[in-house]
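The values are calculated or read from the model by the stated rules, or taken from the named source; none is laboratory data. Everything numeric in this text was worked out from a predicted model, so none of it was measured. Note that each Cβ is placed from the backbone with ideal geometry, even for glycine, and that neighbours are counted across all protein chains shown.
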Amino acid sequence: MLEAPLEEYLRCGFILTPDTDGSIDIQATEAEYKELAISCSLNLSVWGQKGNFIVDPDEDGLLIHIPIYGQQFTRPTSSSNRKIITHGRWFIDILYTLDESSTEIVDRQFDDSFKLSKGSDGALILKRKFVHDLYQYRWPYVLNCYPNGRATISLKRPIFFRGIFRRHLL
């Protein structure tokens, strides 16, 4: 779900292509700009030279918020709760110590929160593993970052059993 027309994200420096399976393909438009950034925690923030936007894993799919123009990425000053990776044009900042029931910083290992692997197509694959108690962040996501400035984001929906309750009138 996009909160703004595709042209607004293009003004921000990205071509967004929603896929029929609910994933989103992101491509940076400016070839000369070497560094893009993605900040990963409960949600994702995507940064380019002209601005940024946030992607929330929503119950109905990926919710892509209205882009903010002119706001530049600031590299984190502390890395004690983060894993920082550079992959091609991407600077990837992963905050992995968030609690599963709040947004507090807790003592966690990276592997408890995320799984990192390499795809056969050169993609760096990051999977958020934990299911969060806060409803708007319940669904884990999968991020594929390609060295050329392309990324894809999809949901890894957990299975929840829903019961049907009926009231019997006496």
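For residues that are under 17 Å from Lys127 (Cα atoms) and of a type in the set (D, E, K, R), scanning just region 75-93, find the one that is surrounded by the fewest Cβ atoms within 10 Å (Cβ to Cβ). Of everything passing the filter in region 75-93, Lys83 is surrounded by the fewest Cβ atoms within 10 Å (Cβ to Cβ). Within region 1-25, the set of residues being among the aliphatic types (A, V, I, L, M) and over 11 Å from the mean Cα position of the chain (by Cα) comprises Met1, Leu2, Ala4, Leu6, Leu10, Ile15, Leu16. Scanning region 97-133 for residues that are under 22 Å from Ala37 (Cα atoms) and in contact (Cβ under 8 Å) with a residue 40 or more places away in the chain gives Leu98, Thr103, Phe114, Leu126, Arg128. When you scan region 53-73, do you find a residue that is among the small types (Gly, Ala, Ser), modelled with pLDDT under 90 and not in a strand (DSSP E or B), even just one? Yes, region 53-73 contains at least one residue that is among the small types (Gly, Ala, Ser), modelled with pLDDT under 90 and not in a strand (DSSP E or B).
Where residues in region 111-133 are hydroxyl-bearing (Ser, Thr, Tyr) and not in a strand (DSSP E or B), which of them is farthest from Arg89 (Cα to Cα)? Restricting to residues being hydroxyl-bearing (Ser, Thr, Tyr) and not in a strand (DSSP E or B), the top hit is Ser113. The combined condition, being in contact (Cβ under 8 Å) with a residue 12 or more places away in the chain and surrounded by 13 or more Cβ atoms within 10 Å (Cβ to Cβ), is fulfilled by Asp58.
Quick grid of which residues meet (1) part of a loop (DSSP other than H, G, I, E, B); (2) free of Cβ contacts under 8 Å to residues at least 24 places away in the same chain; (3) farther than 30 Å from Asp133 by Cα:
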{"position": "Ile26", "(1), (2), (3)": "no, no, no"}
{"position": "Ile38", "(1), (2), (3)": "no, no, no"}
{"position": "Ser45", "(1), (2), (3)": "no, yes, no"}
{"position": "Ser80", "(1), (2), (3)": "yes, yes, no"}
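Scanning region 132-140 for residues that are over 16 Å from Glu100 (Cβ atoms) and either surrounded by 13 or more Cβ atoms within 10 Å (Cβ to Cβ) or of a type in the set (S, T, N, Q) (or both) turns up nothing. Going through (1) out of contact with any Gly (no Cβ under 8 Å at 6 or more places or on another chain); (2) among the hydroxyl-bearing types (Ser, Thr, Tyr); (3) buried (at least 16 other Cβ atoms within 10 Å of the Cβ); (4) modelled with pLDDT of 85 or more one by one, Tyr146 falls short only on (1).
Each row is one residue, and each column tells you yes or no for (1) among the charged types (D, E, K, R); (2) in contact with a strand residue (DSSP E or B) (Cβ under 6 Å, 6 or more places away or on another chain).
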| residue | (1), (2) |
| --- | --- |
| Ala4 | no, no |
| Cys12 | no, yes |
| Asp25 | yes, yes |
| Asp56 | yes, yes |
| Leu63 | no, yes |
| Thr77 | no, no |
| Lys83 | yes, yes |
| His87 | no, yes |
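For the list (1) at pLDDT 90 or above; (2) surrounded by 14 or more Cβ atoms within 10 Å (Cβ to Cβ); (3) not aliphatic (A, V, I, L, M), I need the number of the one condition that Tyr33 fails. Result: Tyr33 passes all but (1).
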